[in-house]
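Chemist: Please find one structure pasted underneath; my questions will follow.
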Amino acid sequence: MRMEGDPRLSQALDGPNVAEEVEPVLAGLVEALGRLQERGGPYRLTVVAHAADNMGVQQVPLLPPFASARIATPSGFAPRLNLPPQAFAAELLDQYLFASLYGWIYASLMAENRRRMQHLEGAIHRLEAQSQSLARKRNALRQEEITEEIEVILLSAR
């Protein structure tokens, strides 16, 4: 799904084709997010990736995090933090974002590879069917050849 020209798109990045490309793609993605963060202001991040279950493409918002989650009123005691709440939230957000992106990249790569495997299996089935068809044609032609040879032998025997 190409989104060139979409005003919501800040930058389009290619995904990995094989597992060995995941780390460099993730590094490039983190670098692009760092540049986006340097521009300042809040930004939204949506992952557009292959869905594992329905073989389609899905969009999942990652930033702002938990935008659709209902926040319950805390009861009891607040957690003890070793960092100021803002610093803790920033570190937690970095960890959340890195883990989410890592998971989405691998899930999308697996879904895409599953689609490739299905395509290859279909191609193999078509090749097998074509091979069987060609074998039947070869046998029919060989049988026709044998019949002609028998006719020649019978005609020459007279």
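The values are calculated or read from the model by the stated rules, or taken from the named source; none is laboratory data. Treat the numbers as computed from the prediction; the structure is a model and nothing was measured. Please note: Cβ atoms are built from the backbone with ideal geometry, for glycine as well, and neighbour counts cover all protein chains shown. Accessible surface is based on the protein model in full, side chains and every heavy atom, while ligands, DNA and RNA are left aside. Shrake-Rupley method; radii C 1.70, N 1.55, O 1.52, S 1.80 Å.
Chemist: Within segment 105-122, whose backbone N sits under 17 Å from a point 7 Å along Cα→Cβ of residue 130?
Modeler: Within reach of a label on residue 130, which here means backbone N under 17 Å from a point 7 Å along Cα→Cβ, segment 105-122 contributes 119-122.
Chemist: Of the candidates 133, 108, 100, which one comes out as most mobile in a Gaussian network treatment of the chain with C-alpha springs shorter than 10 Å?
Modeler: Per the Cα network of the chain with a 10 Å cutoff, 133 tops the list.
Chemist: Moving on to the next point. Please list 45, 127 from largest to smallest accessible area, probe radius 1.4 Å, with all protein chains kept in place. Don't jump to the answer; show the numbers that get you there.
Modeler: Working: 45 25, 127 110 Å².
In descending accessible area the options line up as 127, 45.
Chemist: While we're here: Hey, with R₀ at 30 Å, roughly what FRET efficiency would residue 123 and residue 158 work out to, going by the Cβ-Cβ distance, to 0.05?
Modeler: After rounding to 0.05, the efficiency reads 0.05.
Chemist: Here is a follow-up. Would you calculate a helix-derived [θ] at 222 nm for the chain, using -39,500 (n - 2.57) for each DSSP H run of n ≥ 4 and dividing by the full residue count, to the nearest 500?
Modeler: Numbers: 2 runs with 90 residues, N = 158.
Estimated from H runs of four or more residues: -21000 deg cm²/dmol.
Chemist: On to the next question. What's the extension gain from residue 140 to residue 21 if we count 0.36 nm per residue and subtract their Cα-Cα distance?
Modeler: Working: separation 119, 0.36 × 119 = 42.84 nm, distance 5.06 nm.
Once the chain is fully extended between residue 140 and residue 21, it gains 37.8 nm.
Chemist: Over the chain, what is the relative contact order in percent, taking alpha-carbon pairs closer than 8 angstrom and at least six residues apart?
Modeler: Working: 79 pairs, mean separation 35.2, N = 158.
Normalised by residue count, the contact order of the chain is 22 percent.
Chemist: Another question about this same structure. Compute the long axis of helix 85-157 from its Cα atoms, compare it with the longest principal axis of the Cα atoms of the chain, and write down the angle in degrees, 0 to 90, nearest 10.
Modeler: 0 degrees
Chemist: Follow-up. Using the basic label-point model (7 angstrom from Cα toward the beta carbon), what is the residue 9 to residue 81 distance in nanometres?
Modeler: Placing both labels 7 Å along Cα→Cβ, they lie 3.7 nm apart.
Chemist: Hey, another quick one. Could you check the simple spin-label distance between residue 37 and residue 149, using points 7 Å along Cα→Cβ, in nm with one decimal?
Modeler: In this crude label model, residue 37 to residue 149 measures out at 7.9 nm.
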